[in-house]
Amino acid sequence: HKAIAVNLSDIAAMGGTPRYLYLGVACPAETEAEELEAFLAGALAEAAEHGAVLVGGDTCRSPGPWVLSLTIEGSAPVGQAVGRDGAEPGDILMVSGPLGDSALALKLLDNDELPEEGLLKRHHQPTPRVGLGLRLAELGLAKAMIDISDGLASDLLHILQESGVDAMIELNQLPQSDLFKRHASKNHELLHLPLHGGEDYELLFSVAPQRANEAIALGKTMGVAVSAIGVLSHGTGTALGRNAQGEIRPLAARGFDHFSLG
C-alpha cells in the first residue's frame, strides 16, 4: 500500500489524474508465492482506489531483501498541472491534514514502543490526497503545490526557491491530530515533528488570499482538513517561523535528504 501511495502522492501534488503503474519486483529465492500474491493484492488495491492500472513491469530474484521499483504516470489537461513555481507574494500557505503522525509512529517504533493504530496507519498506509489535489487544480485554487515527504520545512523550500518568494510560518497553526497532541503534551521534544518529521504525504500549496476560505471549504466537502499556516512575501527563497510568543527564527531544512552524507 505505502509503495503505491507515496508515488500517487506525487501525481496528487501536481493536480493530476493517476493513469498507469509500472512495477518491478525483486525478491529473495525463498519468497513464497503467497507472500508475493499478498504484496500484489495490497499494491493493486491501492492503485485501483485511485484509478491507476498495472500495465507493465518485471519480476526477478534478489540476493538480498525485497527491492521495489515503481513508476506511476498521470495526466492533466493542458495548462492545469500545478508546479512549484507559481506562488506569489501575498499568497496564503495552506496544508492538508494533520502533520507529524507518521514521524511520531516511526519514533515510537524505533524506541520499541507500539504506536496507536491511528498513528501506525498514518505511517504504514498513508492516504495520497489525489482527489483534493485534482480539485485544487481544476478550480485554479493552488498556484504552487508539493507533497510533504521529506518534512514541511524542507519541502516548503522547493516552492520558495522555485517561485522566488519568502515565507512566514505561524508555528502554532501547524495542524496536529489529537493522538499527536496527547504524546506531545508528555514530551515536548516531539513538537518539532510536524515541521521536520516527514512522510506525511499531505499537500502544501499556496492560494491567493481572497480564495483561502474557498480552499478551506473545499477541504470540508472532501472530508480533509485544510489549514492556513503562513503567508508569502517578496524574497529570495527563505523561510521564517513565528511561535505563539511572537518570537521569529529562521526555519532550517532538517528533513530527510536523499543525498546527505551525514
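Read-outs throughout are calculated quantities, based only on the coordinates presented, and are distinct from any laboratory measurement. Given the structure is predicted, the values throughout are model-derived calculations rather than measurements. Every residue, glycine among them, receives a Cβ derived from its backbone with ideal geometry; neighbour counts consider all protein chains shown.
Remark: the E88-A225 segment gains 47.0 nm on full extension, using 0.36 nm per residue and subtracting the alpha carbon distance.
Labels on offer are (i) 18.0, 68; (ii) 19.0, 59; (iii) 20.0, 63, and the one holding Rg and Dmax of the Cα atoms in Å computed from this structure is (ii).
Among 39-45, 246-252, what's the highest-first ranking by average C-beta atoms within 10 angstrom per residue? Could the numbers behind the result be given before it?
Working: 39-45: 15.1, 246-252: 11.4.
The densest-packed peptide leads the list: 39-45, 246-252.
Using the Cβ-Cβ distance between R249 and A33 with R0 = 45 Å, the FRET efficiency computed as 1/(1 + (r/R0)^6) comes to roughly 0.25. Calculated on the alpha-carbon coordinates, the convex hull of the stretch 58-162 measures out at 169 cubic angstrom per residue. For the stretch 164-228, the alpha carbon positions stretch 38, 32, 20 Å along the principal axes, listed from largest to smallest.
Its DSSP H runs of at least 4 residues, each contributing -39,500 (n - 2.57), put the calculated 222 nm mean residue ellipticity of the chain at -10000 deg cm²/dmol, to the nearest 500. Based on the alpha-carbon gyration tensor of the stretch 77-224 and its eigenvalue square roots a ≥ b ≥ c, which shape applies: rounded if a/c is under 1.5, prolate if not and a/b is larger than b/c, or oblate? It is prolate, given that a/c is not under 1.5 and a/b is the larger ratio. The modelled label-to-label distance for the pair H124/A217, using points 7 Å beyond Cα in the direction of Cβ, is 4.0 nm.
Where in the stretch 210-229 is the amide nitrogen less than 17 Å from a point lying 7 Å along the Cα-to-Cβ axis of K181? Residues passing the 17 Å test: 225-229. Legend: calculated FRET efficiency, R19 to T238, from the Cβ-Cβ distance at R0 = 51 Å, rounded to 0.05, equals 0.90. Count the lysine pairs in the chain whose Cα atoms sit under 23 Å apart, keeping only pairs 8 or more residues apart in sequence or on different chains. Close lysine pairs found across the chain: 10.
Working from Cα pairs under 8 Å separated by at least six residues, relative contact order for the stretch 104-182 is 22 percent.
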